[in-house]
Structure formats: C-alpha cells, structure tokens
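The values are calculated or read from the model by the stated rules, or taken from the named source; none is laboratory data. Fair warning: this is a prediction, and the values are worked out from it, not measured in the lab. Cβ atoms come from the backbone with ideal geometry, glycine included; neighbour counts cover every protein chain shown. The accessibility values were calculated without ligands, DNA or RNA, using every heavy atom of the protein model including side chains. Shrake-Rupley method; radii C 1.70, N 1.55, O 1.52, S 1.80 Å.
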2 protein chains.
Amino acid sequence: MTYDKALSALGDTTRRHVFEAVARKPQSVGQIAADMPVSRPAVSQHLRVLSDAGLVMCQAQGTRRIYTACPDGLDALRSWLDRYWSEVMSRFADEVNSGKEDA
Amino acid sequence: MTYDKALSALGDTTRRHVFEAVARKPQSVGQIAADMPVSRPAVSQHLRVLSDAGLVMCQAQGTRRIYTACPDGLDALRSWLDRYWSEVMSRFADEVNSGKEDA
DNA sequence: CTTTATCGTAAGTCATAGCTTACGGTAAGT
DNA sequence: ACTTACCGTAAGCTATGACTTACGATAAAG
C-alpha cells in the first residue's frame, strides 16, 4: 500500500518535474537544480520525498549523489491504476450499452 | 496534456478517497459525504477539482447529482505512466546487467 | 593540511489550499 | 403555494507544506 505515497509525491508539480528529470536521465542534485527554478536544497527535499515513496534511489559517487528512478513506486502506481481502470471501464461500457438500449 | 491535473487532483488523500468511492460505485454528493470525515461542501469542492481533471462526471437526477468516474483522466494518467514506466524499466535493466558484468 | 566542491538538514517565512459555516437556488413532495 | 431535500458557491480561517538562507559534514583536490 505505497501508491498513496507515490500519488502524494507526484501531486506537486515541481516535484513531479524533478522525478521526470531523473527518470529521463540519472543526475546529481546539482545538475537537477541547475535546470529548475528552485534552489538546490529544495530539490534535495523533493528527492527525499520521492525516495520515501520508492520513486527514486541514489548512489554515492564521490561527494556527489546520483539519483535514479526506481521501479518500485511506478509499480505500486501501476497496480493501483489498473485496478480502477478496469473497474471504471467496465462500468462505463455498461452505461453506454444501457443508454443505447434505452434509446 | 492533462495528466498533470489528474496527478495534482489525486495527490490529496481525501480527494483520492472521494474518487475511489465514486469509481467503486456512482453516488450522489450526500452519499459520498456520509462515508467521509469531511463536510458535504468539502466533497463538492473535491468533486469540482476531479471533474476539471477529467476524472469524474455528473448527471443530474432530480435534485440529486450522481457522480461517476470518467475514463478520460485515467487515460491520461495511464499514458503518462506507460511512458516513464518503459523508460525507467529499460534503464533499470541496463543497470542490473552492467552490474553483473562488472562483477 | 588546507581548500574546494557537493550535498543533507535545521530554522524560519509565507503562500497555498483544504475545511467549515452561511447562503442561495432548483426540483420534488404535500 | 409552501415546505423539504439536495446541492453549488462565497467568504473566511487555519494548517500544511514548499521555498529560502544558513550551517555542518564528507570527500576529492591542491
């Protein structure tokens, strides 16, 4: 049950941008912050939240920390989405069918 | 490009609960609020946000408004997830492989 | 050993947004 | 027509959280 953390983490726009940047290419904190309109500590705090949500992980390289996207969070997110996807889609199909039958 | 609205909308916990309740079963505003620890107007406001994100839609029935989950928002969410899913997974597989080769 | 680069954390500020109460508006029931 | 049920919106309050600056810690470089 970690999809709630993942969704809460990705709910913030700038934090989602941080994740997307890391997902596209593993980067150090400084590199991420350089491409963003917020300070480096802000990026660090966002990475902390993303890490707690299982969306990123880091690996020390000298004094730098290379952050990489982690499948765990996306995995939880996907299973959550699939569940409601099928539920909503089947109901939506039924609605359309009954609507046609009523007409 | 409406996945950002969907993610922002589902980022809040109680709002996600509202969506999940609607997704499980189409309900009126009063019914949803009855099963939640917040007031009815609060639920209305959440439904407003969910509607703007394409996650729910409503259909008047007398003085009641029956809210139903809408595929649009989930669709946008799914395509966003798929994109980063494949990207992250392939990179993750490469990391594991290179790690094994190094050992 | 000193200096430099990179980063996480703490403290404090401030805006956002979620919640409540109050109100008005529509549709059904009597 | 009057009352009741159900709902959306406005106004206001408050707490959460996102951001910044300042500091301390670690590792490489010289």
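Chain A against chain B buries an accessible area of about 3100 Å², both chains summed, 1.4 Å probe radius. In chain A, the beta carbon lying closest to the axis that superposes A onto B belongs to the residue given here with its whole-angstrom distance, A:11, 1.
Estimated from helical segments only, the mean residue ellipticity of the protein assembly as shown at 222 nm is -22500 deg cm²/dmol, where each DSSP H run of four or more residues counts as -39500 (n - 2.57). Solvent-accessible area assigned to carbon and sulfur over chain B amounts to 49 percent, based on a 1.4 Å probe. By the scheme Lys and Arg +1, Asp and Glu -1, what is the net charge of all other residues having a beta-carbon under 12 Å from that of residue A:45? Summing Lys and Arg as +1 and Asp and Glu as -1 gives +1. For residue B:27, neighbours were defined as the other residues whose beta-carbon sits under 13 Å from its Cβ, and their charges (Lys and Arg +1, Asp and Glu -1) total +4. Taking amide H as placed 1.01 Å from N in the peptide plane, the amide H of residue B:56 sits under 5 Å from that of B:51, B:70, each at least 5 places away or on another chain. Sorted from shortest to longest, the distances between the residue A:83 label points of this copy and the other copies are 2.6 nm, with each point 7 Å from Cα along the line through the beta carbon. Summed over the residues of the protein assembly as shown and divided among them, the accessible surface reaches 54 Å² per residue at a probe radius of 1.4 Å. Annotation for residue B:82 and residue A:45: the two label points, set 7 Å from Cα along the Cα-Cβ direction, are 3.6 nm apart. Over the protein assembly as shown, the ratio between the Cα radius of gyration and 2.2 N^0.38 Å evaluates to 1.19.
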